[in-house]
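Have a look at the structure below, then the notes.
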Amino acid sequence: MRRKFFTVAILAALVMTVTAAQAGERFKLGFTSEIDSNYHKGAIRFQELVAEYTGGEIIIDVFPASQLGSERDLIEGTSLGTVEMCISSSGPLSNFSSDFMVMDLPYLVTSREKLFTTLDGPIGQQILATLEPANLKGMGFWENGFRCLTNNRAPIESPSELAGMKIRTMENPIHQYTFNNYGATAVPMAWNEVFIAMQQGVIDGHENAINSIWAAKVYEVQKYLSLTFHFYSPAILLMNNDLYNSLSDKHREQINRAAFEAMNYERQYSADIELQLIDELKKKGMIVVEVDVEEWKKASAKVYEEFRDKIKPEYMKAFIGE
């Protein structure tokens, strides 16, 4: 009888072990962009790769569309460990590390290829490492894309035409200063509040990447899209640093590999679909306005003067050749 009981106990323990292995350790990955955005496409790819490389020992649960909070909520949650991972645009990260400020400068990026070489090289890794005191592990630079301007009042061609308009920006000092400098009133606001604010006329417009404008169906509440391409917005895949360090060497290697491959996939997807989405936005009724980018660059010069002393010279040299 005792032998039979012992055998049953061993079998039960084996079943529990197999079930636990099948279930895997689960990590929440949150972001604010909607389903079918470039973030979501990249996150699903990352989810698939992690499951494949770890043999299901680690499972990524994906939470899009601000289900786990705003970008600031997600960054703070990842730092505290209430959320294991998140994807955030670089804008809010300057509140956690001033080294990210260089990426916020208007018209900083003229070539994706040059940018990626910098981001993936020593300078980019140095900037990511500055997040570790905040208990954040930067897993790589994804892409949000070149940011453009939408509004519901008039076709904006020149910065001076923004005078008197309330434009939503991220909670970022350089972004806010840039639009105030153009003559608008910058209104910092969490992304999950923006659609209703535009719908109700609380703000006149906003600035965002084409991918996000499409995924959020901004065309339902905004009439005009100006192709200003004023900021380039990287996105960073973040992980709780304590959690990352607690992983076995094998799992860290597998997570790093999945993150690297998902990053390249998401970057390529974002670049490939950008022009196509502009055409789709036209079909949805948005009036797309071409602008003189050189005029907007000249209007942005004061931003560089204002923030130059707050950005490390080696970063300015790496990103813009100064």
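The values are calculated or read from the model by the stated rules, or taken from the named source; none is laboratory data. The model shown is predicted, which means the values in this text are computed figures rather than measured ones. A quick note on method: Cβ atoms are made from the backbone with ideal geometry, for glycine too, and the neighbour counts reach across all protein chains shown. Protein only, heavy atoms only, side chains kept; ligands, DNA and RNA dropped before computing areas. Shrake-Rupley method; radii C 1.70, N 1.55, O 1.52, S 1.80 Å.
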Looking at the range 216-231 only, could you name the residues that are open to solvent by less than 20 Å² (accessible area, probe 1.4 Å) and of a type outside the set (S, T, N, Q)?
Ala216, Val218, Val221, Leu225, Leu227, His230, Phe231
Can you work out which of the residues in the range 180-190 that are assigned to a helix (DSSP H, G or I) and touching a helix residue (DSSP H, G or I) at 6+ places or on another chain (Cβ under 7 Å) is farthest from Asn95 (Cα to Cα)?
Tyr182
Okay, helices (runs of 4 or more DSSP H) sitting entirely in the range 275-322 with 2 or more residues that are more than 22 Å from Glu157 (Cβ to Cβ), I get 301-307, 313-320
Take Glu266 and decide whether it is under 14 Å from the mean Cα position of the chain (by Cα) and either under 18 Å from Cys86 (Cβ atoms) or modelled with pLDDT of 95 or more (or both).
yes
Looking for something open to solvent by 30 Å² or more (accessible area, probe 1.4 Å), under 21 Å from Trp142 (Cα atoms) and in a loop (DSSP other than H, G, I, E, B) - is there at least one such residue anywhere in the range 197-206?
no
Would you mind finding the one in Thr110, Thr117, Thr82, Thr78 that is open to solvent by 20 Å² or more (accessible area, probe 1.4 Å), among the hydroxyl-bearing types (Ser, Thr, Tyr) and part of a helix (DSSP H, G or I)?
Thr117
Complete set of residues in the range 154-200 that are without any contact (Cβ under 8 Å) to a residue 40 or more places away in the chain and closer than 20 Å to Met286 by Cα
Glu161, Leu162, Lys166, Arg168, Val194, Phe195, Ile196, Ala197, Gln199, Gln200
In this structure, is Glu161 over 16 Å from the mean Cα position of the chain (by Cα) and either under 28 Å from Glu294 (Cβ atoms) or part of a helix (DSSP H, G or I) (or both)?
yes
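Let's see how each residue does on (1) open to solvent by less than 50 Å² (accessible area, probe 1.4 Å); (2) within 24 Å of Glu220 (Cα to Cα); (3) in contact with a strand residue (DSSP E or B) (Cβ under 8 Å, 6 or more places away or on another chain):
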{"position": "Glu274", "(1), (2), (3)": "yes, yes, yes"}
{"position": "Leu277", "(1), (2), (3)": "yes, yes, no"}
{"position": "Met286", "(1), (2), (3)": "yes, yes, yes"}
{"position": "Val291", "(1), (2), (3)": "yes, yes, yes"}
{"position": "Glu294", "(1), (2), (3)": "no, no, no"}
{"position": "Glu306", "(1), (2), (3)": "no, no, no"}
{"position": "Ile311", "(1), (2), (3)": "yes, no, no"}
Determine if the range 146-156 includes at least one residue that is open to solvent by less than 20 Å² (accessible area, probe 1.4 Å) and closer than 17 Å to Pro92 by Cβ.
yes
Checked Glu161, Glu143, Glu193 against criteria (open to solvent by less than 40 Å² (accessible area, probe 1.4 Å) and charged (D, E, K, R)); the one match is Glu143
Residue, nearest to the chain's Cα centre (by Cα), within the range 232-263, restricted to residues that are open to solvent by 30 Å² or more (accessible area, probe 1.4 Å) and of a type in the set (Ser, Thr, Tyr)
Ser246
Enumeration of residues in the range 66-85 that are over 14 Å from Glu34 (Cα atoms) and under 12 Å from the mean Cα position of the chain (by Cα)
Arg72, Leu74, Ile75
Considering only the range 29-60, how many residues are of a type in the set (Asp, Glu) and either open to solvent by less than 40 Å² (accessible area, probe 1.4 Å) or part of a helix (DSSP H, G or I) (or both)?
2
Considering only the range 168-190, how many residues are surrounded by 21 or more Cβ atoms within 10 Å (Cβ to Cβ), closer than 23 Å to Val289 by Cα and of a type outside the set (A, V, I, L, M, F, W, C)?
5
